[in-house]
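The values are calculated or read from the model by the stated rules, or taken from the named source; none is laboratory data. Fair warning: this is a prediction, and the values are worked out from it, not measured in the lab. Methodologically, a virtual Cβ is constructed for each residue, glycine included, from the backbone with ideal geometry; neighbour enumeration extends over all protein chains shown.
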Amino acid sequence: MKTPALRPADLIAGLSMAGLLLPEAVAYAGLARMPPQAGVMALFAGLLVYGLLGSSRFAIVSATSSSAVLLLAAMTSMTADLAPGAPDQRMALAAGLVLLTGALFVLAALARLGALSSLVAKPVLRGFSMGLALTIVLKQCPTLLGVQLEHSDFFRLAWDLVAALPRWNWGSAAVGVAGLVLLKLFSRWRTLPGALVVIALGVAFDLAGGDRLWNIPAVGTLTLHFDGLRWPMLARETWLRLGELAFALALILYAESYGSIRGFAVRHGDPVNANRDLLALGAANLLAGLLQGMPVGAGYSATSANEAAGATSKAAGLLAAAVVLLAALTLLPWIAHTPQPLLAAIVIHAVGHTLAPGGLAPYFRWRRDRLIALFAFAAVLLLGVLDGLLISIAASLALLLRSLAATRISWLGRLGDSHDFVDLARHADARAPARTLIARPDVPLFFGNADAVFAALRDRVAAASDVDRVILSLEQSPDLDGTSLEALAEFAAWVQARGQRLLLARVKDELQDLLARAALPGLPSADAYWSVDDAVVAA
C-alpha cells in the first residue's frame, strides 16, 4: 500500500500528536494497572498499523481511556485467584485478550461484517460511555487527592473517598487541579501538546523538590523493554474465557472507533471503507498483543486533536509513531519524575468531553430511546464496567430483536386516482380495490417474525368474507430466509385452499430468482410483480 506523502501540515500535526499521545499512553497504562511500556507499545502499534492499512486520514488509533478501563475490568475478573506477585501471568492474560480482540476484528473483516458497530445502538453506546467516563474520573480521584483506596465498586469507592476526607493531601489536590486548569487552557491551541507541557512542568516541580515538600509521589522508574514478538502460553480453558471477554471488548472498541472514523469522514466528504478499517484495527491489536501492549481503537478525542492540529493525510500518524518510539527511548526517564496527580489530571481531562449531558439531550427532546440510554448509564455504575458493558450490549441486541420481531402490518388502498397505495389507517381518502386485501408487512421478514406475521395475515383474511384476492407487498423484504420462505409457502397453500388468489408485489430481483427456484405450490412465479399497482391490475 502506498505510503502517503509528508506535507508541512502533517509534520506539525505529527509532532503535536506525539507530544499529546505519549503522556496519555503512560497515563492509560497506569489506569489499567499495566506497566507504562504496555501503553507505549500499544500507541506505537496503533499509529503504525493504522497509518499503513486504515482508510481515514484523521483517525488516531491508540490505547483509549475506555479500552484501559475495560482491560482493567477484564483482568480483575480473570486474575482474582492469582497471587498478588504474579505480574507475568497478568501480562500474558492481557496479551491474550488483545490478540483475540484483534483476531475477531480480522475475522469480521474477512466476513465483510463492516456494519458490526450497528449492533450497539448509539443511545446505549452514549449512555455506557458517559457512565464509563464518570467511573474513570472517580477512579482517578484517589490518586488526585493522594489517598490509597482499592474498592472497584463505584458507590463504595465514592463513599470511601468522602470518608477519607481527613486524609486528603491538599498539596496533591492542588497540583492535580492546576494540571486540569492548564490542560483546559492549552486545549484552545490544538497544535500545542498541552499534556507534554504539563508533564514538563511537573517534572520541573519534582526536580525542584516540590514532591518532598508536599509529600506528592512521582510516577517512579519507567523502562522500555523490547523482548520481541511473543505469543502468550495459556491453557485452553483460559483462551475460551478470554474469547468471551474479547467479543464484548471488540464490539465496543469498533463501535467507538467507527463512530469517530465515520464522523470525520462525513465532515470532510471522505469515503468510508468499514471492512478495511476492521482489518486495520485487527492488525493493530494483533501487533499490540504480540508486543505485550494494551488494546487499541480510534478514540474521538485523539482523532479530533489530530484534525485540529492540521493533519491532511495519514502521514501525520506515521510520523507520530516514529516520534513516539524515539521519545519513548529518550524521554521515559524524565517522565518518571511526573507527579502522579498530573497523570490523573491527564486521564480526567481526556474523558471530560464524554461527561457532557448534551450527548443524551437529543433523546429526551425526541422522546426516543432515553430510557435505554439511562439504563446503560446506570448499568455501568451499579454493576461495574465489565458487567455493565455486557448488559449494555444485551440491551442493544434486545432492541434490535424487538424491532425485527414486531408484527406491524399496514393494509393498503389506492390514493384517489393515482398509482399510489398508502396505509388505509392513516389516509381516510384511500380506498381498497373491490374484493381485494393488500397487506404490507412493515418489518423485514426473517425467522424471528415470519410465523407471527403470517398468522396475523391469516386472521385478517379469514375475517373478511368478501375477498377473492390477497396482495402481499414485500418492499421491506428484499430477500427471505428459509423460515420465511416456508411460512410464505404455507400461507400461499392456505389462501389457495380457500379458493382465493395470492399475488406478491414490490418483489426485488433477488427475491424473484428465489421464488422461481422455489416454485411454491399455490404461488406461481408469474404472480410476483414490481409494484402494487401492477399486481392490482393483474388481479
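Scoring Thr76 on the criteria (1) surrounded by fewer than 17 Cβ atoms within 10 Å (Cβ to Cβ); (2) at pLDDT 85 or above leaves a single failure, condition (2).
Which one is nearest to Arg90 (Cα to Cα) among residues in segment 48-71 that are buried (at least 24 other Cβ atoms within 10 Å of the Cβ) and over 19 Å from the mean Cα position of the chain (by Cα)?
Only one residue fits best here, namely Val49.
Counting only helices (runs of 4 or more DSSP H) that sit wholly inside segment 250-361, those with at least 3 residues that are in contact with a Phe, Trp or Tyr (Cβ under 8 Å, 6 or more places away or on another chain) are 274-290, 300-308, 315-335. Checking each residue in segment 228-272 for being among the charged types (D, E, K, R), within 17 Å of the chain's Cα centre (by Cα) and within 20 Å of Ala63 (Cα to Cα) picks out Glu256, Arg262. Every condition in (1) closer than 17 Å to Leu196 by Cβ; (2) touching a residue at least 40 places away in the same chain (Cβ under 8 Å) holds for Leu286 except the one numbered (1). Beta carbons closer than 6 Å, at least 6 apart along the sequence or on distinct chains, pair a first residue in segment 436-464 that is over 15 Å from Gln500 (Cβ atoms) with a second that is among the hydrophobic types (A, V, I, L, M, F, W, C) and assigned to a helix (DSSP H, G or I) for Pro441/Val453; Gly448/Leu404; Ala450/Ala487; Asp451/Ala487.
Here is a yes/no grid of residues against (1) closer than 24 Å to Ala9 by Cα; (2) surrounded by fewer than 19 Cβ atoms within 10 Å (Cβ to Cβ):
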position	(1), (2)
Met233	no, yes
Glu237	no, yes
Arg241	no, yes
Glu256	no, no
Gly263	yes, yes
Asp270	yes, yes
Leu279	no, no
Ser301	yes, no
Lys314	yes, no
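Is it the case that Val197 is under 35 Å from the mean Cα position of the chain (by Cα) and surrounded by 13 or more Cβ atoms within 10 Å (Cβ to Cβ)? It is true that Val197 is under 35 Å from the mean Cα position of the chain (by Cα) and surrounded by 13 or more Cβ atoms within 10 Å (Cβ to Cβ).
Rundown of residues vs (1) among the aromatic types (Phe, Trp, Tyr); (2) not assigned by TED's automatic domain parsing to the domain that holds Asp534, yes/no style:
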residue: His353; (1), (2): no, yes
residue: Leu360; (1), (2): no, yes
residue: Leu374; (1), (2): no, yes
residue: Leu397; (1), (2): no, yes
residue: Val422; (1), (2): no, no
residue: Ala425; (1), (2): no, no
residue: Ala434; (1), (2): no, no
residue: Phe446; (1), (2): yes, no
residue: Arg460; (1), (2): no, no
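With the structure loaded, tell me whether Ala195 is part of a helix (DSSP H, G or I), modelled with pLDDT under 85, more than 30 Å from Met78 (Cα to Cα) and in contact with a Leu (Cβ under 6 Å, 6 or more places away or on another chain) or whether it fails that test. So Ala195 fits the description; yes. Of all residues in segment 400-416, none satisfies being modelled with pLDDT of 85 or more, touching a helix residue (DSSP H, G or I) at 6+ places or on another chain (Cβ under 6 Å) and aromatic (Phe, Trp, Tyr). The set of residues in segment 205-227 that are modelled with pLDDT of 70 or more, farther than 24 Å from Arg167 by Cβ and either under 36 Å from the mean Cα position of the chain (by Cα) or surrounded by 12 or more Cβ atoms within 10 Å (Cβ to Cβ) (or both) contains only Leu207.
Is it true that Ala158 is surrounded by 13 or more Cβ atoms within 10 Å (Cβ to Cβ), outside the structural domain of Trp334 (by TED's automatic domain parsing), part of a helix (DSSP H, G or I) and of a type outside the set (S, T, N, Q)?
Working: surrounded by 13 or more Cβ atoms within 10 Å (Cβ to Cβ): yes; outside the structural domain of Trp334 (by TED's automatic domain parsing): yes; part of a helix (DSSP H, G or I): yes; of a type outside the set (S, T, N, Q): yes.
The answer is yes for Ala158.
Taking the listed residues Trp168, Trp159, the one that is more than 30 Å from Thr303 (Cβ to Cβ), touching a helix residue (DSSP H, G or I) at 6+ places or on another chain (Cβ under 8 Å) and modelled with pLDDT of 90 or more is Trp168, with no other qualifying. The residues listed here are Val470, Val507, Val422; of these, the one that is closer than 20 Å to Val536 by Cα and without any contact (Cβ under 8 Å) to a residue 12 or more places away in the chain is Val422. In segment 157-171, the residues that are under 18 Å from Val137 (Cβ atoms) form Cβ pairs under 9 Å with partners that are among the charged types (D, E, K, R), at six or more places apart or across chains, as follows: Leu157/Lys139; Leu157/Glu150; Asp160/Glu150.
Cβ separations smaller than 6 Å between residues 6+ apart or across chains give the following pairs from segment 291-318 residues that are closer than 13 Å to Val49 by Cβ and in the same structural domain as Phe186 (by TED's automatic domain parsing) to residues that are small (Gly, Ala, Ser) and outside any helix (DSSP H, G or I): Val296/Ser62; Val296/Ala63; Ala298/Ala59. When segment 337-380 is limited to residues that are of a type in the set (Val, Ile, Thr) and under 23 Å from the mean Cα position of the chain (by Cα), the one that is surrounded by the most Cβ atoms within 10 Å (Cβ to Cβ) turns out to be Ile346.
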